[in-house]
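Peer 1: Structure in structure tokens, see below.
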Number of protein chains: 6
Amino acid sequence: MNPEEPTAMTPPGPTIADVVFPEQLNHRGTLFGGAAMALMDRAAFVAASREARADVVCAGADEIVFSQPIRPGDLVEATAAVERRGRRSMAVSVVVVAETLPTGERREAVRGLFHMVVAAEAPQAD
Amino acid sequence: MNPEEPTAMTPPGPTIADVVFPEQLNHRGTLFGGAAMALMDRAAFVAASREARADVVCAGADEIVFSQPIRPGDLVEATAAVERRGRRSMAVSVVVVAETLPTGERREAVRGLFHMVVAAEAPQAD
Amino acid sequence: MNPEEPTAMTPPGPTIADVVFPEQLNHRGTLFGGAAMALMDRAAFVAASREARADVVCAGADEIVFSQPIRPGDLVEATAAVERRGRRSMAVSVVVVAETLPTGERREAVRGLFHMVVAAEAPQAD
Amino acid sequence: MNPEEPTAMTPPGPTIADVVFPEQLNHRGTLFGGAAMALMDRAAFVAASREARADVVCAGADEIVFSQPIRPGDLVEATAAVERRGRRSMAVSVVVVAETLPTGERREAVRGLFHMVVAAEAPQAD
Amino acid sequence: MNPEEPTAMTPPGPTIADVVFPEQLNHRGTLFGGAAMALMDRAAFVAASREARADVVCAGADEIVFSQPIRPGDLVEATAAVERRGRRSMAVSVVVVAETLPTGERREAVRGLFHMVVAAEAPQAD
Amino acid sequence: MNPEEPTAMTPPGPTIADVVFPEQLNHRGTLFGGAAMALMDRAAFVAASREARADVVCAGADEIVFSQPIRPGDLVEATAAVERRGRRSMAVSVVVVAETLPTGERREAVRGLFHMVVAAEAPQAD
């Protein structure tokens, strides 16, 4: 990658999407925060892999904010976009939207920023 | 739902999408067929829920065809579309595309037809 | 395998059997359809492997019908039988029976037909 | 249950049976001992539930012996039999046999003794 | 809790500790970043619950830095400490150390800061 | 290892510790006995690996006693100690304590004895 090059378009639609199952819940019956972070990490991985067309890994994350609980049976869609890229690293924003399927009501539930690097340089594989 | 009404548009992008992890592999190192069927079932559930805006369940499946293996690290995208709807039931087609992320190569890997019904009538919850 | 040869006897008892745990439930509290299909796929894999004594994979499935919900704590038994075999492929029927353990009540819950092929020819590993 | 009554016949075939998947392996590539113990515990639960036709739980285990490793792709069959029963408790033997599916080779891999009690009396639900 | 009160001592030893199994690996064979974040989230939950003796949830995370890969068979120990507390919120640092068990070699692998709030106020259950 | 040598000190704090999630529950809503045995097996593996600084595996278990149920949201801490060692084998005691986090109430829930051997001699990898 060349530094500070404009990034590729994010494809339409979510990067990662799934229905929330009981195995991902905490003891309060809502999506476990760690499960949400894992979903976001996979979305950042896909967006950075598509941008770099190389094997990328997560080097860190910041500004993760949980704003709404996610419930069993909800559809969760994580949309990731490469915001900035340097020679070997990318900053990827991830927004998670939850949809209550029987009503169609949608709401932002989590967002955060993930730092991805090309794997040859990587301290942590992802 | 009224019988034989034209169905709603499928939103752009995949219905369900995820990265393949080692826990979903069979002993040959490719995606376990049952894991693929479970992914397709969730995609059919989302498409039928959005069409009916009711709680829907899977009553059966047909014409499931595996055409290409899926490997760890691939992105799998399942796109579901309601093909026909009756008063209480829907036929939902699901196509699974696998993407090798470092190269961007994409290929159809599985397809099938799922029969979904509104839950009050349902023999099997999904 | 020789084409159209009579198939081996199915051993007595279930091919695959397990107790249903909460991690396999959908948000309605019954066994997720995809989990049932995955169980059936494993049963078909065992029956076809025993018939061919070779590495086999799933090439497709048909006529999957869910007739009764399965609940947490139920025993589920999937019995698979090779119905027809050609030179490289087998059609395997799978019937899933659920047993409510405290009462002993048993009922057929799902059935379907799986198409298995010897792995060297296989489009999809299982 | 009446104390020291002769126990019901064990049904033919395995009590619990499944194919070993990568998610159940330890870092050495064989079935994790804890996964084998969990399988045996479920088999003991089924045998004791069928004997007592009541909700039973595990109160303890003894004499668990691992004699052969179990590999990915193996079929594992756990057969449980109620050996002794008192008024509220049962001693259940469990034997795990592994089958290498492409060859049909079968071998005993683990055995153990589980102590099950009727749930109203139970210190630990199972 | 009173604002800016000195926090309780962290108990000796790790807050959360486990052996890394294949199901937690990414396709490169090292611990998936999302699995590490989930582990840290559970450690922060325990430390904040012990500090507040109330039901707490994760409201966000920052400054997550991956510095060393974690391999299958490693012991991972996450130690969490409440760094600051306000009336309803706590900032909890989490450090993950990986130990290669056959050699005893230990190294810091990940660290981060988690924001926990008392659950009655919580946007996201954990 | 030399036979009957005094064993190394157990490090302070738990060997394995985690929060109980719904995916580990049985259908009664308490920790599945098999999940508790798997936790104990991992703790014994860590203690024996640290003692021998070699690859060890589980050869068996005895005297497993469940005394108290464990509930979702509880912290479970398994502390393992090498009690005896011979030339190639070790007897490792494991005690599991459950802590109700909002109250701080702690209680012993399970204990048992695990037999670990150095892996070159091992019938079962762990």
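The values are calculated or read from the model by the stated rules, or taken from the named source; none is laboratory data. What you see is a predicted model, and the numbers here were worked out from it, not measured in a lab. Note: ideal-geometry Cβ built from the backbone for every residue, glycine included; neighbour counts use all protein chains shown.
Peer 1: Limited to segment A:60-89, what total is found for residues that are under 14 Å from the mean Cα position of the chain (by Cα) and more than 29 Å from A:Phe21 (Cβ to Cβ)?
Peer 2: Selection size over segment A:60-89: 2.
Peer 1: Could you please give the count of residues in segment E:59-84 that are assigned to a strand (DSSP E or B) and either modelled with pLDDT under 95 or of a type in the set (S, T, N, Q) (or both)?
Peer 2: 1
Results for (1) touching a helix residue (DSSP H, G or I) at 6+ places or on another chain (Cβ under 7 Å); (2) within 30 Å of D:Pro102 (Cα to Cα); (3) at pLDDT below 90; (4) within 14 Å of chain A (Cβ to nearest Cβ), shown as yes or no for each residue.
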{"site": "B:Met9", "(1), (2), (3), (4)": "no, no, yes, yes"}
{"site": "B:Ala44", "(1), (2), (3), (4)": "no, no, no, yes"}
{"site": "B:Ser49", "(1), (2), (3), (4)": "no, no, no, yes"}
{"site": "B:Arg53", "(1), (2), (3), (4)": "no, no, no, yes"}
{"site": "B:Val56", "(1), (2), (3), (4)": "yes, no, no, yes"}
{"site": "B:Ser89", "(1), (2), (3), (4)": "no, no, no, no"}
{"site": "B:Val96", "(1), (2), (3), (4)": "yes, yes, no, yes"}
{"site": "B:Gly112", "(1), (2), (3), (4)": "yes, yes, no, no"}
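Peer 1: Here is a list of conditions, (1) touching a helix residue (DSSP H, G or I) at 6+ places or on another chain (Cβ under 7 Å); (2) at pLDDT 95 or above; (3) facing another protein chain (nearest Cβ under 8 Å); (4) closer than 26 Å to A:Phe66 by Cα, and E:Gln124 meets all of them except one; can you say which number that is?
Peer 2: That leaves (2) as the condition not met.
Peer 1: While we're looking at this one, here's another question. For segment F:52-68: of the residues being touching a Pro at 6+ places or on another chain (Cβ under 7 Å) and among the small types (Gly, Ala, Ser), which is farthest from F:Leu113 (Cα to Cα)?
Peer 2: Checked segment F:52-68; the qualifying residue farthest from F:Leu113 (Cα to Cα) is F:Ala54.
Peer 1: Answer with yes or no whether C:Asp62 is surrounded by 24 or more Cβ atoms within 10 Å (Cβ to Cβ), in contact (Cβ under 8 Å) with a residue 12 or more places away in the chain and not small (Gly, Ala, Ser).
Peer 2: Answer is no for this residue.
Peer 1: Considering segment F:89-110 alone, what residues qualify as being farther than 22 Å from F:Cys58 by Cβ and among the hydroxyl-bearing types (Ser, Thr, Tyr)?
Peer 2: F:Thr100, F:Thr103
Peer 1: Taking segment F:19-42 as the search range and keeping residues that are more than 7 Å from chain D (Cβ to nearest Cβ) and of a type in the set (Gly, Ala, Ser), which one is surrounded by the fewest Cβ atoms within 10 Å (Cβ to Cβ)?
Peer 2: F:Gly29
Peer 1: Residue check, B:Arg85 against (1) under 16 Å from A:Pro14 (Cα atoms); (2) more than 7 Å from every other protein chain (Cβ to nearest Cβ); (3) surrounded by 22 or more Cβ atoms within 10 Å (Cβ to Cβ), all met but one. Which one?
Peer 2: Just one mismatch for B:Arg85, condition (1).
Peer 1: So, one more: From (1) at the interface with another protein chain (Cβ under 7 Å from one of its Cβ atoms); (2) of a type in the set (Gly, Ala, Ser); (3) within 27 Å of E:Ala52 (Cα to Cα), pick out the condition that doesn't hold for F:Ala78.
Peer 2: For F:Ala78, the failing item is (1).
Peer 1: Could you list, ordered by first residue, the pairs with Cβ atoms under 6 Å in which the first is in segment C:72-97 and without any contact (Cβ under 8 Å) to a residue 24 or more places away in the chain and the second is polar (S, T, N, Q), at least 6 apart or interchain?
Peer 2: So the pair list comes out as C:Val95/C:Thr79.
Peer 1: Just checking, how many residues over segment C:14-25 are in contact with a strand residue (DSSP E or B) (Cβ under 8 Å, 6 or more places away or on another chain) and either modelled with pLDDT under 90 or among the hydroxyl-bearing types (Ser, Thr, Tyr) (or both)?
Peer 2: Counting residues in segment C:14-25 that are in contact with a strand residue (DSSP E or B) (Cβ under 8 Å, 6 or more places away or on another chain) and either modelled with pLDDT under 90 or among the hydroxyl-bearing types (Ser, Thr, Tyr) (or both) gives 5.
Peer 1: Just to be sure before I move on: is E:Val56 of a type in the set (Val, Ile, Thr), touching a residue at least 12 places away in the same chain (Cβ under 8 Å) and surrounded by fewer than 24 Cβ atoms within 10 Å (Cβ to Cβ) in the structure I sent?
Peer 2: no
Peer 1: Can you tell me which residue among D:Gly34, D:Gly73 is within 21 Å of F:Ser67 (Cβ to Cβ) and out of contact with any Phe, Trp or Tyr (no Cβ under 8 Å at 6 or more places or on another chain)?
Peer 2: D:Gly34
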